[in-house]
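This report refers to the structure that appears directly beneath it.
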Amino acid sequence: MSEPLPGEGSPDGIAPLGLAPAPTGQAAVDTLIVRLSDADDLPTADHIEVYEDVHRGLRDALTALDDNRS
């Protein structure tokens, strides 16, 4: 018999995936990636706020890399 999929057995069939991302070696990026797990405890409609926050932070981190090149 196979293992149950994430969410099986929960009333609505929805549950966090429980994934643990590998560290990138960049503290700021790692913090943002961990921030994604905040969405696990939120209703789906509120996930966008977390995703936008992380996206903004990652974009800022990339911009900082470009700024340091010049």
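Among residues of region 56-70 that are on the phi < 0 side of the Ramachandran plot, those with a Cβ under 7 angstrom from a residue that is assigned to a helix (DSSP H, G or I), sequence gap 6+ or separate chain, pair up as 57/32; 58/29; 58/32; 61/28; 61/29.
Residue count for region 17-61 satisfying the condition of being assigned to a helix (DSSP H, G or I) and surrounded by 11 or more Cβ atoms within 10 Å (Cβ to Cβ): 27. In region 33-51, the residues that are free of Cβ contacts under 8 Å to residues at least 60 places away in the same chain and basic (Lys, Arg) form Cβ pairs under 7 Å with partners that are surrounded by 14 or more Cβ atoms within 10 Å (Cβ to Cβ) and assigned to a helix (DSSP H, G or I), at six or more places apart or across chains, as follows: 35/50; 35/53; 35/54. Condition check: touching a residue at least 24 places away in the same chain (Cβ under 8 Å) and not charged (D, E, K, R). Does residue 28 satisfy that? Yes, satisfied. Just wondering, is there one or more residues in region 11-31 that are at pLDDT below 90 and charged (D, E, K, R)? Yes, region 11-31 contains a residue that is at pLDDT below 90 and charged (D, E, K, R).
The values are calculated or read from the model by the stated rules, or taken from the named source; none is laboratory data. Note that the coordinates shown come from a computational prediction; the quantities given were computed from them, not determined experimentally. As a convention, Cβ positions derive from the backbone with ideal geometry for all residues, glycine included, and neighbour counts pool all protein chains shown.
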